[in-house]
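Novice: Provided herewith is a single structure, encoded as structure tokens, for subsequent inquiry.
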Amino acid sequence: MKKCIPWIGLTLLAVIVVAFIVNLLLVISIPNAIMEVTITKKFNYPSNQWIFSPPATAASTDVIRPSADLLYSILCYDVSQHPLRVTANLSEYSSISGFSMNSDNFFVIDDNQAKSNPIEVVLVAKGMTYKDPTGKAYVIMAPSTRGILMIGAVVTSQADLPNLTQIQKQATAELIQ
């Protein structure tokens, strides 16, 4: 009977180790797979170009679980070759956010935190160096070379929508050569 106990202990240890490794691989790979599908199949937007969504409705699916009181602008970024400069006017109660390929939210700047309006953000990949000559831009290192930037602006009333739409369409994006 005592000879079975080490065998059971080793089997149990092997099962735990395999379960831990499988769990770790799933935790790492699933968010990346979801973002890949989101960028390439769901959005299928051109890289480094703002897409201005209309106000969200019950049928909206561009943003997962969209808020009906937010106006969204979305950009699928790719900084694998060059830094990306984005500028955007932030209206009251708005923010710009970055999401890496593992779906982590790696920065948020809202209208109260912005150093200037329009806000300037330069997104760089790991290992790239960039010094902003103006000192006005937020230089942010993206944890992945691809991901999503999103601006959400609160629509306080339907009367504000034309003005917010105009502000939304002033956002720009350009690769820095």
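Novice: When the residues of the stretch 109-143 are narrowed to those that are part of a loop (DSSP other than H, G, I, E, B) and acidic (Asp, Glu), which ends up surrounded by the fewest Cβ atoms within 10 Å (Cβ to Cβ)?
Specialist: Keep residues of the stretch 109-143 that are part of a loop (DSSP other than H, G, I, E, B), which gives 111-118, 126-137, 143.
Now drop any that are not acidic (Asp, Glu), which leaves 111, 132.
Working: Asp111: 17, Asp132: 14.
Residue satisfying both the conditions and the ranking: Asp132.
Novice: Turning to a different aspect of this structure: Please tell me if Leu24 is part of a helix (DSSP H, G or I) and not small (Gly, Ala, Ser). Steps first, answer last, please.
Specialist: Working: part of a helix (DSSP H, G or I): yes; not small (Gly, Ala, Ser): yes.
When the stated conditions are applied, Leu24 passes them.
Novice: I'd like the full set of residues that are closer than 15 Å to Met141 by Cβ and in a loop (DSSP other than H, G, I, E, B), limited to the stretch 88-101.
Specialist: The answer is Met101, and nothing else.
Novice: Restricting to the stretch 58-87, what's the tally of residues that are assigned to a loop (DSSP other than H, G, I, E, B) and either modelled with pLDDT of 80 or more or hydroxyl-bearing (Ser, Thr, Tyr) (or both)? Spell out the reasoning first.
Specialist: Here is the first cut: in the stretch 58-87, the residues assigned to a loop (DSSP other than H, G, I, E, B) are 58-69, 79-83.
Subset that is either modelled with pLDDT of 80 or more or hydroxyl-bearing (Ser, Thr, Tyr) (or both): 60-61, 67, 69, 79-83.
Qualifying residue count, the stretch 58-87: 9.
Novice: Shifting gears a bit: Determine if the stretch 13-21 includes at least one residue that is surrounded by 10 or more Cβ atoms within 10 Å (Cβ to Cβ) and modelled with pLDDT of 95 or more.
Specialist: No, the stretch 13-21 contains no residue that is surrounded by 10 or more Cβ atoms within 10 Å (Cβ to Cβ) and modelled with pLDDT of 95 or more.
Novice: Next question. Report every pair of residues separated by at least 6 positions or lying on different chains whose Cβ atoms are under 9 Å apart, first residue within the stretch 11-34 and at negative phi, second of a type in the set (A, V, I, L, M, F, W, C).
Specialist: Taking only residues 6 or more apart or on different chains, the pairs are Pro31/Met101; Asn32/Met101.
Novice: Pairs needed: first member in the stretch 43-65, over 19 Å from Thr165 (Cβ atoms); second member anywhere, part of a loop (DSSP other than H, G, I, E, B) and at pLDDT below 75; C-beta distance under 8 Å; at least 6 residues apart or different chains.
Specialist: Pairs found: Phe43/Asp62.
Novice: If you take the residues in the stretch 34-57 that are aliphatic (A, V, I, L, M) and surrounded by 13 or more Cβ atoms within 10 Å (Cβ to Cβ), which one is modelled with the highest pLDDT? Reasoning before the result, please.
Specialist: Just the residues of the stretch 34-57 that are aliphatic (A, V, I, L, M), to begin with: 34-35, 37, 39, 51, 56.
Then keep just the ones that are surrounded by 13 or more Cβ atoms within 10 Å (Cβ to Cβ); that gives 34-35, 39, 51, 56.
Details: Ile34: 80, Met35: 82, Ile39: 81, Ile51: 92, Ala56: 75.
Within the stretch 34-57, the match that is modelled with the highest pLDDT is Ile51.
The values are calculated or read from the model by the stated rules, or taken from the named source; none is laboratory data. As the structure is a computational prediction, the values presented were derived from the model and not from experiment. Note that we place each Cβ from the backbone using ideal geometry, even for glycine, and neighbour counts take in every protein chain shown.
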